[in-house]
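Working notes, structure below.
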Amino acid sequence: MLGAIAGDIIGSMREKRNHVLYRLGKMVPFTDNALKREIDHTKREDFELFGGYNNFTDDSVMTLAVADAIMNHKPYGKTIKDYGRRFPNRGYGGRFRKWLKSDDMEAYNSYGNGSAMRVSPVGFAFDTLEEVLAEAKASAEVTHNHPQGVEGAQAVAAAVFMARTGESKEAIRDYLSETFEYPLADTIEDIRPTYKFDATCEGSVPESIIAFLDSNDFEHAVRLAVSLGGDADTQAAIAGSIAQAYYKQIPANIVDRCKAVLGTELWQLVEDFQEAYKVKY
């Protein structure tokens with residue numbers, strides 16, 4: 001799951017800016033030269049990984065919650081709510097914030113990418129694809145019980161599991177395309193010019209998976225995901241989680257920065273999970 005956290009921290013400095021530009025683009029014609037230059041500037045791979053205010057967001061908090069629930073046999077819903085309340089103001093969506101504040105545990109039929117951003121521990125912790133799909137569904141539907149929300153979580157967890165167990169990129173592409181009908185034939189170069197901010201599973205998960213499929217190594221996967229100019233922290237978290245499982249190596253400078261940003265308590269949870277499930281990084 002460290003790959004998801006690293007992607008989140010790296011993408012965190014871009015996500016808010018991308019969202020603002022997207023909203024401006026809905027008010028100002030896309031052909032406006034100044035706005036177009038700003039948008040084009042965000043769609044680059046050659047950015048400084050830690051060149052701004054990098055921090056962990058809701059993606060990391062929820063990933064850690066799912067990991068804790070798995071390791072310590074806790075219910076997903078209660079653990080997710082507990083972590084959200086322990087770490088407020090981390091960029092949660094509006095409906096999720098309402099759910100956190102409420103004592104009601106009922107899901108709210110979301111199809112946002114929150115289910116996919118937090119699911120990577122499932123792909124690392126379970127031993128069969130059938131178990132992974134079932135647990136991904138269970139982790140998603142406590143909040144994201146819309147079919148697209150469930151499928152987003154299952155697709156990412158399945159990709160992590162297949163990458164972890166030695167499947168090829170083509171096998172991963174074929175399985176996800178056939179099982180979830182995700183359009184995975186295009187490349188990031190094809191998608192990037194016209195891609196716009198989208199926080200739904202349907203509009204962000206396939207593109208995040210393609211960032212992994214097009215990558216040469218862990219860092220490249222994260223850079224490609226961020227370069228889409230979309231929901232950067234979440235898309236980098238998704239691409240990073242699959243890339244960790246596949247490449248089994250995260251650069252030391254990225255690991256060190258994650259450790260510093262998370263702090264002692266949360267980093268200990270990362271290490272405990274990685275050790276318990278023999279996850280390489």
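FYI, it's all coordinate maths here, none of it is from the lab. Because the structure is predicted, anything quoted here is derived from the model rather than measured. Cβ atoms come from the backbone with ideal geometry, glycine included; neighbour counts cover every protein chain shown.
Ratio of alpha-carbon Rg to the 2.2 N^0.38 Å globular estimate for region 214-280, to two decimals, please.
Against the empirical 2.2 N^0.38 Å value, I get 1.15 for region 214-280.
Is there a quick way to get the dipole size of the chain? I mean about its Cα centre, with the Cβ of Lys and Arg at +1 and of Asp and Glu at -1; what is the value in debye to the nearest 20?
Value, rounded to 20: 1000 debye.
Run the simple label-point estimate for residue 256 and residue 100 please: 7 Å along Cα→C-beta, distance reported in nm.
3.2
What is the magnitude of the charge dipole of region 185-281 about its Cα centre, with +1 placed on the Cβ of each Lys and Arg, -1 on the Cβ of each Asp and Glu, and no other charges, expressed in debye to the nearest 20?
Magnitude of the dipole: close to 260 debye.
Which of 211, 124, 87 sits farthest toward the positive end of the charge dipole of region 2-276, with +1 on the Cβ of Lys and Arg and -1 on the Cβ of Asp and Glu?
87
Where a ≥ b ≥ c are the square roots of the eigenvalues of the C-alpha gyration tensor, would you call region 45-202 rounded, which needs a/c under 1.5, or, failing that, prolate if a/b is larger than b/c, or oblate?
Oblate is the answer for region 45-202, as a/c is 1.5 or above yet b/c matches or exceeds a/b.
Under the Kirkwood approximation applied to all pairs of distinct alpha-carbon atoms, what is the hydrodynamic radius of the chain in Å?
Result for the chain, one decimal place: 18.3 Å.
Given the Cα-Cα distance of residue 179 and residue 217 and 0.36 nm per residue of separation, how much length would full extension add, in nm?
So the chain would gain 11.1 nm between residue 179 and residue 217.
How large is the Kirkwood hydrodynamic radius of region 48-129, counting all unique pairs of alpha carbons, in Å?
The answer is 13.7 Å.
Could you tell me which residue out of 258, 232, 220 lies farthest along the dipole of region 168-281 toward its positive end? Charges go on the beta carbon: Lys and Arg +1, Asp and Glu -1, centred on the Cα centre.
My answer, from the dipole projection, is 258.
What do you get when you divide the Cα radius of gyration of region 135-252 by 2.2 N^0.38 Å, with N the number of residues?
So the Cα radius of gyration is 0.97 times the expected 2.2 N^0.38 Å.
Work out which trypsin sites (Lys or Arg not before Pro) in the chain are exposed loop sites (DSSP not H, G, I, E or B, at most 14 other Cβ within 10 Å) and give the longest gap free of them.
No qualifying site falls inside 45-247, the longest such stretch.
Please list, ordered by chain and number, the residues whose modelled amide H lies under 5 Å from the amide H of residue 112; skip anything fewer than 5 residues away on the same chain.
So residue 112 has HN proximity to 201.
Below 8 Å, C-alpha to C-alpha, sequence gap of six or more: please give me the relative contact order for the chain in percent.
The normalised contact order for the chain reaches 28 percent.
In deg cm²/dmol and to the nearest 500, what is the mean residue ellipticity at 222 nm of the chain if only DSSP H runs of at least 4 residues count, each as -39500 (n - 2.57), divided by the residue total?
Calculated from helices alone, the mean residue ellipticity at 222 nm is -20500 deg cm²/dmol.
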